[in-house]
Amino acid sequence: ACRALVAPLRQVLQQTGVLGADAVAIQCTIFHKTPECNWKVPYHQDLSVPVAERVEHPAFSGWSMKEDGHYVQPPAALLERLLAVRLHLDPCHAGDGALRVLPGTHAAGRIDVEAIPALRRDRHEAHCFADAGDHILMRPLLLHASSKAESPSGRRVLHVLFAPPEPGFGLRWRTRV
């Protein structure tokens, strides 16, 4: 299902100049808040990316193995080139556990966890409400969070991560669509 969505999504983003002509989708995740599975996420940056195998390089950190394979935290220079597209399959408004962001924080590179409280005091938090079919675009280095849904009813978001075709640093993407 994700493969079928990627081609038209990529085409629209390329036509509007948001995405490079050679960009590939490297990850597709569904977030589904239900009464049985309702969570909150504190402010964070998305620092890990899925790769084909472990490669030793001094610029890498945070290697992990999840059920679908290897993940690594690459240098900020690579993370800055990624674009996440959140396709809302259901409406997401106040009380639905909507995405919250601290605008402009993606330009600060990697942010130390201890610096987040001060950034929250100094910046205006934006709530990203959406209707079904809406897209929210964000850079993985943007500080973002979400609350638990107040009355979870099945809010679904498809999160597609686009990247350059070659990540560099000797890495290979696990999946390229």
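The values are calculated or read from the model by the stated rules, or taken from the named source; none is laboratory data. Given the structure is predicted, the values throughout are model-derived calculations rather than measurements. All Cβ positions, glycine included, derive from the backbone under ideal geometry; neighbour counts span all protein chains shown. Each accessible area value is taken on the protein alone, full model and side chains, heavy atoms only, with ligands, DNA and RNA left out. Shrake-Rupley method; radii C 1.70, N 1.55, O 1.52, S 1.80 Å.
At-a-glance table
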item	result
Square roots of 5 times each gyration tensor eigenvalue, C-alpha, the range 1-44, largest first, Å	29, 14, 9
Rounded FRET efficiency, nearest 0.05, which uses the C-beta distance separating residue 11 from residue 129 and R0 of 25 Å	0.45
Where the chain is the region considered: accessible area per residue in Å², 1.4 Å probe	52
Top of 88, 124, 159 by mean-square fluctuation, Gaussian network on the chain, Cα under 10 Å	124
Calculated Rg and Dmax of the range 1-95 using C-alpha coordinates, Å	15.8, 44
Cα-based radius of gyration of the chain once divided by 2.2 N^0.38 Å, which approximates compact folds	1.04
Accessible carbon and sulfur surface of the chain relative to its total accessible area, %, 1.4 Å	54
